[in-house]
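Please read the structure below before turning to the comments.
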Amino acid sequence: MNLQPFIAGLPKAELHVHHVGSASPRIVSELAARHPGAGVPRDLDGLKRFFTFRDFAHFIVVYLAVVDLIRTPEDIRLLTYEVAREMAEGQNLRYAELTCTPYTSVVRGLAIEAYTEAIEDARVAAERDFGLVLRWIYDIPGESGIPAADATLEYALAHRTDALVGFGLGGPEIGVPRAQFQEHFDQARAAGLHSVPHAGETTGPETIWESLRLLGAERIGHGCSAAQDPELLAHLAGTGVVLEVCPTSNVATRAVDRIEDHPLRTFVDAGVSVTINSDDPPMFSTSLNHDYEVAAGLLDLDEAGVADLARAAVAGSFAPDDVKTRIGAEIDDYEAAARRVSTDTPQP
């Protein structure tokens, strides 16, 4: 069954997608033209080669090179608004939780007040112009340690907007123990923010256990290594903790050797709640639509099964109840209409 047309038209939500990492070659090219001394190629062929990763560590290097292009409030506003445009027009997204890392911009000289104003201005405009509801997750760049954690917590608490819903932890996992950030997550959670750290992408199950026990994780970013621990799978299934699965990303960063080896099927068979996400889509030559196609192949899904993936993302989100209800109704209506078309189409 060719699911591509159905997926393209399906109303969707995305929960694990990075702000800077969503900058398409079109957007990166425009930013590189503004800052020609940054060393990032401006031509599309050069950008394609630039975005070819050897491993996760090399991905971080490339990612931070793009971060260096985000220098002014105008850059932030352009990036955010244009990412929203491509989400809405290219992926039929109705809701997205963008993971932002304000620390990397602030240490490069951009005031947090200007950063916050820029993303908020873009968010309001995106909802008005594209019908896309955006919410923010502020994440700690783990490789920058406690100073970054202190600063990110301060941004989240002292400069909070109503659109900020989560507190996360990204960057390399190896050599970055979760325990050192427990106090930061305790304070963020006490302030009403949801805990959504990355864990188990490039490390074993113990990193996921630490995120659950010490950081109070409500969702886990990636969680690939959970498949190695039956007790952990049972715990995730029993508690309803959601895994934010990013199939194409996991292969691109070598977290998984081949897409055929991806543990998505193991998660689903164990009863774990999963959502499908694109992570840093242009950098990994993917899109949310493509990752839905990949997931459908791994799980042998039909249109109804794909629609259930979209519902799972809505259910696992931190969207307001009215937004969840509205998008859920859109998914139901879309699936029903597709079913009617299929029923009415004469079979050869």
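Laid out as a table, the results:
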read-out	value
Residues within the range 1-22 that are at pLDDT 95 or above, within 12 Å of GLU293 (Cα to Cα) and out of contact with any helix residue (DSSP H, G or I) (no Cβ under 7 Å at 6 or more places or on another chain), tallied	1
Residue ID - nearest to HIS159 (Cα to Cα), chosen from residues in the range 101-113 that are hydrophobic (A, V, I, L, M, F, W, C) and surrounded by 16 or more Cβ atoms within 10 Å (Cβ to Cβ)	ILE112
Exclusive hit being among the aliphatic types (A, V, I, L, M), under 27 Å from THR266 (Cα atoms) and touching a Lys or Arg at 6+ places or on another chain (Cβ under 6 Å), set VAL306, VAL314, VAL294	VAL314
Residue, nearest to the chain's Cα centre (by Cα), within the range 198-248, restricted to residues that are of a type in the set (Asp, Glu) and either part of a helix (DSSP H, G or I) or crowded, with 18+ Cβ neighbours inside 10 Å (or both)	GLU244
Failed criterion for PRO147 (all others in (1) in contact with a Phe, Trp or Tyr (Cβ under 9 Å, 6 or more places away or on another chain); (2) not in a helix (DSSP H, G or I) hold)	(2)
Residue that is under 29 Å from GLY21 (Cα atoms) and over 16 Å from the mean Cα position of the chain (by Cα), where the choices are VAL272, VAL314, VAL341	VAL272
Subset of the range 150-187 [assigned to a helix (DSSP H, G or I), of a type in the set (D, E, K, R) and in contact with a helix residue (DSSP H, G or I) (Cβ under 6 Å, 6 or more places away or on another chain)]	ARG178
Residues within the range 299-310 that are surrounded by 17 or more Cβ atoms within 10 Å (Cβ to Cβ) and either over 17 Å from GLY9 (Cα atoms) or within 21 Å of the chain's Cα centre (by Cα) (or both), tallied	5
Enumeration of residues in the range 180-212 that are among the aliphatic types (A, V, I, L, M) and either at pLDDT below 95 or in contact with a strand residue (DSSP E or B) (Cβ under 9 Å, 6 or more places away or on another chain) (or both)	ALA188, ALA191, LEU193, VAL196, ALA199, ILE208, LEU212
Residue in the range 92-99 that is in contact (Cβ under 8 Å) with a residue 60 or more places away in the chain and closer than 25 Å to HIS35 by Cα present	yes
Contacts under 9 angstrom Cβ, first residue in the range 292-305 being closer than 11 Å to PHE6 by Cα, partner exposed (fewer than 14 other Cβ atoms within 10 Å of the Cβ), 6 or more apart	GLU293/GLN4; ASP302/MET1; GLU303/MET1; GLU303/ARG339; GLU303/SER342; ALA304/ARG339
Failed item in (1) at pLDDT 95 or above; (2) at positive phi; (3) not acidic (Asp, Glu), with SER285 passing the rest	(1)
Failed item in (1) among the aromatic types (Phe, Trp, Tyr); (2) modelled with pLDDT of 95 or more; (3) crowded, with 21+ Cβ neighbours inside 10 Å, with PHE318 passing the rest	(3)
Candidate set: the range 149-177, residues that are buried (at least 17 other Cβ atoms within 10 Å of the Cβ) and either without any contact (Cβ under 8 Å) to a residue 24 or more places away in the chain or hydroxyl-bearing (Ser, Thr, Tyr) (or both); chosen: the one nearest to ARG254 (Cα to Cα)	THR152
Residue within the range 253-275 that is of a type in the set (Gly, Ala, Ser), surrounded by 22 or more Cβ atoms within 10 Å (Cβ to Cβ) and under 30 Å from TYR63 (Cα atoms) present	no
Qualifying positions in the range 209-226 - under 15 Å from GLY238 (Cα atoms) and hydrophobic (A, V, I, L, M, F, W, C)	TRP209, LEU212, ALA217, ILE220, ALA226
Checklist (1) touching a helix residue (DSSP H, G or I) at 6+ places or on another chain (Cβ under 6 Å); (2) assigned to a strand (DSSP E or B) applied to ARG135, failing item	(1)
Lone qualifier among ALA252, ALA237 - being closer than 25 Å to LEU98 by Cβ, out of contact with any Lys or Arg (no Cβ under 9 Å at 6 or more places or on another chain) and small (Gly, Ala, Ser)	ALA252
Residue list for the range 257-288, filter: part of a helix (DSSP H, G or I), more than 23 Å from ALA234 (Cα to Cα) and in contact with a strand residue (DSSP E or B) (Cβ under 8 Å, 6 or more places away or on another chain)	PRO281, LEU288
Hey, ARG123 within 18 Å of ILE70 (Cβ to Cβ) and basic (Lys, Arg) or not	yes
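The values are calculated or read from the model by the stated rules, or taken from the named source; none is laboratory data. Keep in mind that this is a model prediction, so the values were computed, not measured. Counting neighbours? That spans all protein chains shown, and the Cβs are built from the backbone with ideal geometry, glycine included.
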